[in-house]
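Engineer: Let me begin by handing over the structure; questions about it come next.
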């Protein structure tokens with residue numbers, strides 16, 4: 001039996017450009033409602049509405065947000081703090097946010 005078939009596929013985030021929800025979800029596996037809750041609370045980058053049915057996120061902002069998340073220990077950093085000096089940390093952890101959703 002070939003065990004390599006079960007190996008996880010690497011997910012590539014574009015250097016620039018736009019990402020749709022399914023691409024965001026591959027990198028950050030949460031539900032649509034939780035993602036919109038994070039956006040609404042300013043904890044995830046705001047999307048761009050391209051049309052009435054198309055919403056995208058800037059790949060650069062998603063990359064920066066992910067990088068900041070890896071450098072802190074206690075919770076989610078607000079999207080408006082990405083790229084600024086010392087980020088403000090929030091007490092909610094991803095597990096708490098997922099359990100509340």
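Engineer: If you go through the range 5-15 one residue at a time, do you hit one that is at pLDDT 60 or above, exposed (fewer than 12 other Cβ atoms within 10 Å of the Cβ) and within 10 Å of the chain's Cα centre (by Cα)?
Structural biologist: Looking through the range 5-15, none of the residues is at pLDDT 60 or above, exposed (fewer than 12 other Cβ atoms within 10 Å of the Cβ) and within 10 Å of the chain's Cα centre (by Cα).
Engineer: Considering the range 16-26 alone, what residues qualify as being part of a helix (DSSP H, G or I) and in contact with a strand residue (DSSP E or B) (Cβ under 8 Å, 6 or more places away or on another chain)?
Structural biologist: 21, 24, listed by residue number.
Engineer: Look through the range 27-54, keep the residues that are in contact (Cβ under 8 Å) with a residue 60 or more places away in the chain and outside any helix (DSSP H, G or I), and return whichever of them is nearest to residue 12 (Cα to Cα).
Structural biologist: 30
The values are calculated or read from the model by the stated rules, or taken from the named source; none is laboratory data. None of the values given here were measured: they were computed from a predicted structure. FYI the Cβ positions are ideal-geometry reconstructions off the backbone, even for glycines, and counts take in every protein chain you see.
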